[in-house]
Amino acid sequence: MTDLRLHFSKTFAARYISHLDLMRTMTRAIRQSGLKAWYTEGFNSHLYLTFALPLSLGFESLCETCDIRLLEEESCDPAEVIPRINAGLPFGIEVFNCGEARFKPGEIAYARYICELADAEFSCGKIQDAACALLAKSEIPAQKKTKKGGMRTLDLKPLIHSYKVYVEGENCYIDLTVSAASDNALNPNLVLDQIFEPLGRMPDHILVKRTQILTRDMKNFE
Amino acid sequence: MLRAVQKPGRYVGGERGAVHKDKNAVKLRFAFCFPDVYEVGMSHLGMKILYAVQNAEPDVWCERAFAPWFDMREQMLQYNAPLCALESGDPLRAFDVVGFTLQYEMSYTNLLYMLDLGGVPLLSKERGEEDPIVVAGGPCVCNPEPMADFVDLFLLGEGEQMNVELCRFLIRAKEQGWDRAKTLREAAGIEGVYVPALYTVKYNKDGTIASVTPKRGAPMPVRRRIVADMDAAPFPQQIPVPMIETVHDRASVEVLRGCVRGCRFCQAGFIYRPFRAKRAETIDRQARELCRSTGFEELSLLSLSTSDHPEIEPLLDRVLDWTESGKVSLSLPSLRIDSFSDELVEKISRVRKSGLTFAPEAGTQRLRDVINKNIDEEEILRGCRTAFEGGYTVVKLYFMMGLPTETDEDVAGIAALAQKIVDLYYSLPTKPKGKSVSVSISCACFIPKPFTPFQFAAQDTKEEFDRKQKLLRESVKSRKISVSWHDASTSFIEAALARGDRRLGKVILEVYRSGGIFDSWDEGFSLNRWLAAFRKCRRDPAFYANRARSFEEINPWDMFDYGVDKQFLIREYRRATEEQLTTPKCSEHCSGCGIVKFTGRKCFD
Ligand code: SF4
């Protein structure tokens, strides 16, 4: 058996496909490809799939991964595998590379998100100012839902590795690299909530795109 | 908008297998609308077949649209966004044809809802030259009269050929530059097409129909369409594969059409006659292709009664041969209990051991004879024994309450039958150790439907249903038995619509105008809203639902020829109520329902 990591993007309308639906969709795409992949044993046997870092509903991504196991006889040649799987994927989900898994999901430390923001009322400058003001603080306390349904206060600042705020064309962009370690991952939505709290509401247009998943040494998760 | 709704995946389209064409390069654009949410519509095989059939025409582009759920509706109204088809994102009003499938009466208000949201005038007579032609098909159009105000033309019967003929006709009409009125008038010449505006209905003082008169040479009766050869009928090799979970999230292949049984309450058993089975080879090939192209993990062999397929066992052998190795699980939704042989159990339990579902429909032998269920207690118990011995411990039983001639004894008989099944389980030496049995009773309310022998019968009133449901609850003594039922108020409105006439169009419009959508959902249905609308329009729902009809009365659907003779229905009704005799299976003995005259061929060799 060979472990194979598929690298794919999830953009346009496909960003509204939830994680569970993505698993279903990927399973069917691999089944229709005819590639002989490994199924888990046991009563509830299903196609083995692992996604490194689930993506929030509504986010786009250029750097998703999905690990599968191919049976011996299958070729792992990307030129062969990629088109066969893509033939079974919906518009907006596309495998662009595949190969050996260099890192384990446990080695993921950071993820980089680019948040595109615009509003009919708030100017880009205003959004930019709000973002810079918040991100420059030495502490960013935020309320976070706990698993038990309660709320707790969390300081976001240590979870933000680096950031850049800039205006381009009609939009304001926040380029955020944040912690993505399994026990300490930060959802950029939490940061956006804090940025816009002083403005009273969220802007009309928000598009968050994940562009990189990184290891502790800032290597791309491959 | 999508960020604010619960299931955005319903509204985005983009599925693999969805058909995209250049809208400027096609001659006809057809919006196929399913008047319910995406997950329900996308579970429907007929829609997928017709989608593929129409898109197989290079100059026709058929797209899909579904009813947006309440949360999405709110967003759309707020942003002033019209209802659009999933493929092109164009609003319904931009299409040449907006077509609906009417699978259940309670979706009628959603047809208005979708038209309204799509920018199409609701009333047929208010539509102008620029507006789409609104068409509707599906089982409910065997009595389309309640929807006559809203639909320009109805498509009666099976659509595989008729829908394509209609598309070709409309392209010609466009090329000829015909106006709307001429187009509709000429369309009435296509077999299966019913244009309600071409008929005048007059009424008697007592509210019944006095006469129906066709205008301008429109046909009378209007004949329904039938596909003659099921093996040659088009079947899609590729279908849009939903990304979100749908109600029936699987590949489905129809194995046969029609039914050899003739249960007297069952509309499908009459309006889909004659019985036509696909060859095992065809089914196997279609199933295999569909599973391969979609990657679905589950395959369902669909029909009204799959175990009546003449080659059921070889068929299962063939299919199981590749489904097992391909990790596809097989489901057979409609099995009759009397067909439940050891071999069949052995075959299906190779795949999965979930619960089993049977439909005895009535609790006593007397009533089962009245409805022509042709199944006796011994057979039911034998089927259950086979199932238990095969390792099953969960049995679900479907019944119908309020059937003609039903007495309290019949109601109590439902509980008694369930009790016998529980007792049977505990009497078996081979029962699985340490496992308890569970029998669940699911009770529907009987609804008299057009083109069935019971079309003449009255429906029980809500009070009567409530009383009987209480009686049933009290008759159940074991905790191994659970009971659930359908809401009698929905069934009451459904009964009124099912046998309704054109005058109900005003009621439906009023319900919609007062906020009624998604009436097939608890979240949408309101009995009070319907009653208020009936009152306002001076119509009485009981006139349609709770009144027994004489054989001489002209019913709204009598002008449609579905192939089954009214005389046959009368004969069957008499047998049911007077003699309580059953009618044998078609494959054993022809009862002369009239379909032979209609098709010009014998049903069985
Ligand atoms: S014509 Fe005879 S065999 Fe054919 S459907 Fe009618 S009753 Fe059955």
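To the nearest whole number, what is the average tally of beta carbon atoms from other chains within 10 Å of the beta carbons of peptide A:30-40?
Details: counts 1, 9, 10, 2, 2, 0, 0, 1, 0, 1, 0.
Whole-number average of other-chain Cβ neighbours for A:30-40 is 2.
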Original post:
Given Cα pairs under 8 Å that are at least 6 residues apart, what percent is the relative contact order of the stretch B:393-493?
Top reply: 41
Subject >> Euclidean distance between Cα centres, the stretch A:124-153 to the stretch A:175-220, Å >> reply: 10
Original post:
Can you list the aspartates and glutamates whose alpha carbon sits under 14 Å from that of B:Lys327, skipping same-chain ones fewer than 8 residues off?
Top reply: A:Glu41, B:Glu297, B:Glu298
**OP:** Please report how far the C-alpha centroid of the stretch B:49-110 lies from that of the stretch A:1-56, rounded to the nearest whole angstrom.
**Re:** 30
**OP:** Give the shape of the stretch B:397-517 as rounded, prolate or oblate, defined through the alpha-carbon gyration tensor: a ≥ b ≥ c are the square roots of its eigenvalues, a/c under 1.5 means rounded, and otherwise the shape is prolate if a/b is larger than b/c and oblate if not.
**Re:** prolate
**OP:** State the Cα centre-to-centre distance between the stretch B:347-426 and the stretch B:563-605 in whole Å.
**Re:** 26
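Quick check for you: with a 1.4 Å probe and neighbouring chains kept, what is the accessible area per residue of the stretch B:204-246, in Å²?
Values: 2110 Å² over 43 residues.
Ligands and nucleic acids excluded, the result is 49 Å² per residue.
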Original post:
On average, how much accessible surface per residue is there in the stretch A:86-222, in Å², for a 1.4 Å probe, leaving out ligands, DNA and RNA?
Top reply: 54
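Which pairs break 21 Å Cα to Cα here: A:Lys148/A:Lys209; B:Lys27/B:Lys215; B:Lys420/B:Lys477; B:Lys202/B:Lys506; B:Lys182/B:Lys215?
Working: A:Lys148/A:Lys209 29 Å; B:Lys27/B:Lys215 30 Å; B:Lys420/B:Lys477 12 Å; B:Lys202/B:Lys506 17 Å; B:Lys182/B:Lys215 13 Å.
In this structure, A:Lys148/A:Lys209; B:Lys27/B:Lys215 lie more than 21 Å apart at Cα.
For the protein assembly as shown, what does -39500 (n - 2.57) per DSSP helix run (n ≥ 4), summed and divided by total residues, give at 222 nm, in deg cm²/dmol to the nearest 500? Numbers along the way, then the final one.
Details: 24 runs with 248 residues, N = 827.
Theoretical 222 nm ellipticity from helices: -9000 deg cm²/dmol.
For the stretch A:1-102, which GluC sites (Glu not before Pro) are both in a DSSP coil and crowded by at most 12 other Cβ atoms within 10 Å? Present the calculation step by step, with values, prior to reporting the outcome.
Details: sites: A:Glu41, A:Glu60, A:Glu64, A:Glu72, A:Glu73, A:Glu74, A:Glu80, A:Glu94, A:Glu100; in loops: A:Glu41, A:Glu72, A:Glu73, A:Glu74, A:Glu100.
For GluC sites (Glu not before Pro) across the stretch A:1-102 that sit outside H, G, I, E and B with at most 12 neighbouring Cβ atoms in 10 Å, the list reads A:Glu41, A:Glu72, A:Glu73, A:Glu100.
Would you mind checking A:Lys144/B:Lys7; A:Lys137/A:Lys219; B:Lys396/B:Lys585; B:Lys23/B:Lys125; B:Lys347/B:Lys449 for any pair whose Cα atoms are more than 32 angstrom apart? Walk me through the numbers before you get to the answer.
Working: A:Lys144/B:Lys7 23 Å; A:Lys137/A:Lys219 28 Å; B:Lys396/B:Lys585 25 Å; B:Lys23/B:Lys125 28 Å; B:Lys347/B:Lys449 36 Å.
Those over the limit are B:Lys347/B:Lys449.
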**OP:** Quick one: Debye curve from the alpha-carbon atoms of chain B only, equal weights, vacuum; give me log10 I(q)/I(0) at q = 0.10, 0.12 Å⁻¹ to two decimals.
**Re:** -0.94, -1.40
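Classify the protein assembly as shown as rounded, prolate or oblate, taking a ≥ b ≥ c as the square roots of the eigenvalues of its Cα gyration tensor: rounded when a/c is under 1.5, otherwise prolate if a/b is larger than b/c and oblate if not.
Working: a/c = 1.81, a/b = 1.43, b/c = 1.27.
In terms of gyration-tensor shape, prolate.
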Original post:
With Cβ to Cβ distances under 14 Å as the rule, what net charge do the other residues near A:Gly200 carry (K, R +1; D, E -1)?
Top reply: -3
Original post:
Within 10 Å of each Cβ of A:82-93, how many other protein chain Cβ atoms are there on average?
Top reply: 3
Original post:
Among B:Ala545, A:Trp38, B:Leu356, whose Cα lies farthest out toward the positive end of the dipole of the protein assembly as shown, if unit charges sit on the beta carbon of Lys, Arg (+1) and Asp, Glu (-1)?
Top reply: B:Ala545
Subject >> For B:Val227, net neighbour charge (Lys/Arg +1, Asp/Glu -1) across residues whose Cβ lies under 12 Å away >> reply: 0
Original post:
Which trypsin sites (Lys or Arg not before Pro) does the stretch B:1-59 hold that lie in a coil by DSSP with at most 15 other beta carbons within 10 Å?
Top reply: B:Lys23
Original post:
Of B:Phe100, A:Phe96, which has the most accessible area with a 1.4 Å probe, and how do the rest follow in descending order?
Top reply: A:Phe96, B:Phe100
Original post:
With springs only between Cα atoms under 10 Å, which of A:Arg201, A:Arg112, A:Arg15 fluctuates most in a Gaussian network model of chain A?
Top reply: A:Arg201
Subject >> Shape category assigned to the stretch B:42-186 from the gyration tensor of Cα positions, a/c cut at 1.5 >> reply: rounded
Subject >> trypsin sites (Lys or Arg not before Pro) restricted to the stretch B:436-504 and DSSP loop, no more than 13 other C-beta within 10 Å >> reply: B:Lys477, B:Arg479
Subject >> Partners for B:Lys597 among aspartates and glutamates (Cα-Cα distance below 15 Å; same-chain residues under 8 apart left out) >> reply: B:Asp561, B:Asp565
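Using Cα pairs closer than 8 Å and at least 6 residues apart in sequence, work out the relative contact order for chain B, in percent.
Working: 1121 pairs, mean separation 83.5, N = 605.
Reported relative contact order: 14 percent.
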Original post:
Which aspartates and glutamates have a Cα less than 19 Å from the Cα of A:Lys157, not counting those fewer than 8 places away in the same chain?
Top reply: A:Asp129, A:Glu139, A:Asp175, A:Asp183, A:Asp193, A:Glu197
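The values are calculated or read from the model by the stated rules, or taken from the named source; none is laboratory data. Only a predicted model underlies this, so the values are computations on that prediction, with no experimental measurement involved. Backbone-built Cβ (ideal geometry, glycine too); neighbour counts: all protein chains shown. Ligands, DNA and RNA are stripped out before the accessible areas are found, and what is left, the full protein with its side chains, is counted by its heavy atoms. Shrake-Rupley method; radii C 1.70, N 1.55, O 1.52, S 1.80 Å.
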